[in-house]
Every structure is written in structure tokens, then in C-alpha cells.
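Just so it is clear, none of the values below were taken in a lab; they were calculated from the coordinates. Since the structure is predicted, the reported quantities are computational estimates derived from the model, not experimental observations. When we count neighbours, we look across all protein chains shown, and the Cβ atoms used for this are built from the backbone with ideal geometry, even at glycine.
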Protein chains: 2
Amino acid sequence: MKNQIRVYAPATVANVACGFDILGFAVAAPGDEVVLRKRNQPGIVITKITGEQGQLPIEPEKNTAGVSVLQLLQHLGEQQGFEIELHKKMPLGSGLGSSAASSVASVFAANELLGNPLSREALLPFALEGERVACGAAHADNAAPALYGGFVLIRSYDPLDVIRIPTPKTLHCTLIHPHIEVRTEDARKILKKEILFKDAIVQWGNIAGLIAGLMLPDYELIRRSLQDVIIEPVRSILIPHFQETKQAALESGALGCSISGSGPSMFALSLSLRTAQKVGDAMQKCLENIEIESDVYISKINQEGPRILADGAA
Amino acid sequence: MKNQIRVYAPATVANVACGFDILGFAVAAPGDEVVLRKRNQPGIVITKITGEQGQLPIEPEKNTAGVSVLQLLQHLGEQQGFEIELHKKMPLGSGLGSSAASSVASVFAANELLGNPLSREALLPFALEGERVACGAAHADNAAPALYGGFVLIRSYDPLDVIRIPTPKTLHCTLIHPHIEVRTEDARKILKKEILFKDAIVQWGNIAGLIAGLMLPDYELIRRSLQDVIIEPVRSILIPHFQETKQAALESGALGCSISGSGPSMFALSLSLRTAQKVGDAMQKCLENIEIESDVYISKINQEGPRILADGAA
């Protein structure tokens, strides 16, 4: 029986231009890592958090990873306790699904150490409890793709209806995280409660096109569909030089480019590693022009969700 | 060289619950028929219209079939003239895509008699000119599925972007046409210019689910996705006993049920002919209870678009 496990779970891009609140995908990098260790007594102890400059609470019931595992144990009526080490490998509050990566890695690791009593699908509600602690709402458009890999559709929240969308293997993602702060709360607040009917029609034409484009696959259709006429025009105001940076991505050959989650990170999709790198360089240069530093991550779409990095007996 | 041809083109269901303005599908029946005959002189003459009690104009430049063929000939710089017979086999202004069926049958027939100078895809703009005459706008969500068969997505109108959605072969459609009048203009007018953002999110979750459901195929996903929280609640007010009739369809086993086009016809999708018939009976009975007569049509999804019924030398 394994006593310890190290699990990686991926960063994720939610909203994906025309898929506000209902679509997300996982990237191969970056991602968070957790180490779970069985304890000889019940309860969760977070023994270490690295990579986040003391921003995350160490109390399990306030920590996204802690809450997820606590909820899982409670559901299973399980007395086993765990030590959790949390290694943050991506910026917090950046629109890259950082909290979802931690909660997904944690519940996946706990389920493994318990001998997999639950299916992967059944783990989602516990990861969502972690999201609730981190974001105030149990949004699934980061946690579901982090858990399943690929593109994932959240057709409905009530009841929760999660559908894996077959994802073409050739897509590469460029993520850029400008070193500015956009609070998720602010990004939510500036959205209007009412929108134009004609804009909504354009938007649902595009999400329908994007789903068809991914499934066919038809890359030109994906390109034409990666447009957001409702949220991006409002939220991009919070990201300095957004239009110029997006334009740089498109001119460098990206299929499309928009805000990742609620920002300030941006994502671009390309058809090759080479293009994705060129896109990243161009976007970074564009932000440098206005003296904003940024991190760039280039990777393929993650197709598998969390991954076991190491396990062993204590 | 053929001098005469008889072509059938299918009725179509536009909007398809969550796909307002962007999705339509063709049914195997009913459908309109046109007979085209080469003339020895240029110009179009409509020699006969049956099945419509004198409601349609006989002047080619005012008639949806006439306009479509005139535009096609003009585009080709073609001097060949045609006689057109139009045999309406479905009710007009009923939400079944009657004008689209006539214009699609006509341009398809003309293209055939001219030796197919244009691809099927290239015929769409001319059929849309016919739609413009009939409806005041060049909506493509009837004409495109009538021309291509199956489910067709109109991702965008500007520029026109039409995508065929692979369509599962097992779907059967029940169409019911209650003998009441709903003017397309009125059906348009009662829709609001602004909608709730949260409703739009539900709607684009459902259209994404419906496209994925059709392509996977996943019939339970199609069932869950065939919902319209924006247009149906408003337009159904114009159709007496709508809720009861829809309920009767669902209780009889339909995957989903909504308004066909702008009504007053309703459609339901089912997984077998038997269920589709049961659904039709239940819906018709429901309308009989309030003394509204109706026509019911049961058929598979049309997968091929227009069909040549007969051709020959003069």
C-alpha cells in the first residue's frame, strides 16, 4: 500500500473566448504539485506551501487543497489522515486556474492513496468545494478540465453537466501572465446584467462553431469561432495594452487569442510549437513596450488531467 | 441534354430550441416540388402554382422561386429561359421553411438543367435572395439545411459561414402545424432587444451541448440540451396550448420539443419512428382538446438536401 504520492495537476484556461462560464481546457504546463502522506492519526495538516510568498492559508479548512480533501474524506466516512505539501508552480489570481490545479491534484492524490474508491468523474464535486473556498463560487470551468484534461464543456451548473469535448492533438497554447493584478471580483463586477440579444446570437454562433471546429477537427473554423463580442470588450479594459498584445498574437499566426479566465493572463492557440513560441515572443515584446513584465508558458493541450509524478511506501 | 426536371426540396426546422438564428435541420417530409422546363427564349415564366390557394405571386420577380432562378441566371450571364411549375406540399407561413424549400428546389433544378456550372455550396446565395423576397431578410437557417440536408450551423451571417454538422441517422422528427396564424413579423417583434446575461450563458451552454450531442452522438446529451430559455418563453404565448402540447410530446418519449422557426408549427425529435408517431398523436390530441385542428408530419432527418424526382428530354 502506498503511503505517499506526488501528483501534478495542470493550469487551465476558462471561458475560451466565446465560452464564458461553460468551457475550459487544460495545458501541459504550468501546473501545481502536491505531495500527500498518510498520517497515523485522522485529520489534515498542511505541512508546507512553496512558491506563493505566504499568500495562501495554512489552515486546512481555509485552504483550497485542504478543503477538497476534507470534503472527500467526510464523504467516504474515512478516518485516514493526511499531510499535504503544496507546491505552487504558477502565479496566484492570474486567470490560470491556480486554485483548481491545487484542489484537483489534492483530491486525485487522496483518492489514489485510499486505493481509488471513487472514479475520476466522482472527484469533481470535492474539487469544486475547494474552488468555492478560493473563489466564493463553485465554478467548474477550471476544475473540470484540470481533472479530465482536454476541452471540457460545462453545459449546465444546475444540475452539473460536464462533457468532455474530443480535443485535436495538434493544438499548442501560449499563456502570458502580465505582472499586474486583476481581482476576480472586479472582473465579475464590470460585466453587465443585461446584454444585447444580437450580440448573444453572435456569441452562440461562435461557441457552436468552436465546438464543431474542435470535434471535426477544422482549424479554420476554430480560428473563425474564437471570438468574444460580449465579455472581452468589457474586461480587456482591465488589461493594459490588451488589443495590441492580442493583435501581436494574431499577426504571429495564432488561431485566436483572448483573456484566460477572468485575467489578467491571456491565452493564444496555435497549430505548432514553433508558432506558439513566436506568438509568445511577440506578446511579451508588446507588453515590454509599456514596461509590463510577464511570464510566458508554451505547451500542448494537456489530454490526461492530473499525473502521478512519484509514489512510494513511507 | 435534359430539357425538363422535377426536383423535391425538404421542409426545415430553424432555431431548434437553443439555436436561434444559427441552427436548422431538414426533414424527409414534407417538401415542395418544382418542375423546370427550358424555354426557347430568355426569361422566367411561372406557369403553374398548386397547393397554396392563390397566396403566392405568379410574377417571377416577386416569387421566391422566380427570384432565386433569376439571380442565378444573372450571375451566370446565362440567356437560357425557364418555365417554372411550383407545387407547394406544405402550409405557407407555418414555420416549416416553405419559401426556402421552393427557392432551394428551383435553384437546384436550374443548375442541373444548365449542366451544373455551380457547386451545391455556391447555390446558397441565390436561394437566400428568394428568402429575402419571402421574409424581408436573407435568413439562412432554413435555406442552408434545405440545400445541404442534415443539421446545418450558420456560425455567422457577416460573412456568411455555413457548417454542416454530422447528423445521427436515428433521429426522427415530428412536425405539427396547428391551424392558426402567427405572422413572422409579429414573432420577431415580441422578442426583446436585451436579454439577461445569465440566460444567455444557459443558452450557449445548451447550444454547445446540442452540437456536441449531435456529433458524438450522445442522445441523452441532445435531450438535456434541447432547451430554450430565451425565445420560446416569449414566442410560445402566440401558440395556444403550447406548454400542454410540448408536455404531451415529452411525456410520449420525445428527446425535446420546441417551436419550429417562428411558429406556429412545433417540432419534436425522437429516437424511433414509433415514438415519433406516438408523440405526434399525443400532440394532435392535445390541440384537439381546445378545438384546434392540425397537420402532423413524421419523418427521418433528410440527409441529402434536394432530390431529383424525374428528368427527361422535352
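Note on region B:79-229: the alpha carbon radius of gyration divided by the globular reference 2.2 N^0.38 Å gives 1.18. Taking a cut-off of 34 Å, what percent of all Cα-Cα pairs in chain B are separated by more than that? Tail of P(r) above 34 Å: 20 percent of Cα pairs. Between region B:103-149 and region A:52-83, the alpha-carbon centres lie 61 Å apart. In terms of overall dimensions, the C-alpha atoms belonging to region A:172-300 reach 39, 36, 20 Å along their principal axes, ordered largest to smallest. Binning the alpha carbon pair distances of region B:75-149 at 10 angstrom intervals from zero yields the distribution 19, 53, 26, 2, expressed in whole percent. Each of A:ASP158, B:ASP218 was scored by other Cβ atoms within 10 Å of its Cβ. Arranged with the fewest first, they read A:ASP158, B:ASP218. Shown for A:SER252, A:SER260: other C-beta atoms within 10 Å of each C-beta, ranked fewest to most, produce the order A:SER252, A:SER260.
Annotation for region B:162-197 versus region B:239-314: alpha-carbon center distance of 12 Å.
At q = 0.11, 0.14, 0.19, 0.24 Å⁻¹, work out log10 I(q)/I(0) for region B:1-111 with the Debye formula, treating every Cα as an identical point scatterer and leaving solvent out; two decimals please. So the normalised log intensities are -0.35, -0.55, -0.93, -1.30. Mean-square fluctuations from a GNM of chain B, with a 10 angstrom spring cutoff on Cα atoms, peak among B:GLY95, B:GLY263, B:GLY253 at B:GLY253. Note that region B:166-178 has calculated 3J(HN,Hα) couplings of x, 10, x, 6, 8, 6, 10, 10, 9, 10, 10, 10, x Hz, one per residue in order, obtained from phi through the Karplus relation 6.51 cos²θ - 1.76 cosθ + 1.60 (θ = phi - 60°); glycine and proline are x. Contact order, relative form, for chain B: 26 percent (alpha carbon pairs under 8 Å, 6 or more residues apart, mean separation divided by residue count). Loop-located trypsin sites (Lys or Arg not before Pro) in region B:138-210 (DSSP state other than H, G, I, E, B) with a sparse environment of at most 14 neighbouring Cβ atoms within 10 Å: B:LYS169, B:ARG183, B:LYS192, B:LYS193.
Each listed q (0.05, 0.06 Å⁻¹) maps to a log10 I(q)/I(0) for the protein assembly as shown from the Debye sum over equal C-alpha point scatterers, namely -0.27, -0.39.
For A:LEU191 and A:GLU121, the difference between the fully extended length at 0.36 nm per residue and the C-alpha to C-alpha distance is 22.1 nm. Between A:LEU92 and B:GLU61, the modelled labels are 7.3 nm apart [label points 7 Å from Cα along Cα→Cβ]. Length available on full extension from B:ASN40 to B:ASN289: 0.36 nm per residue minus the Cα-Cα distance, which gives 84.1 nm.
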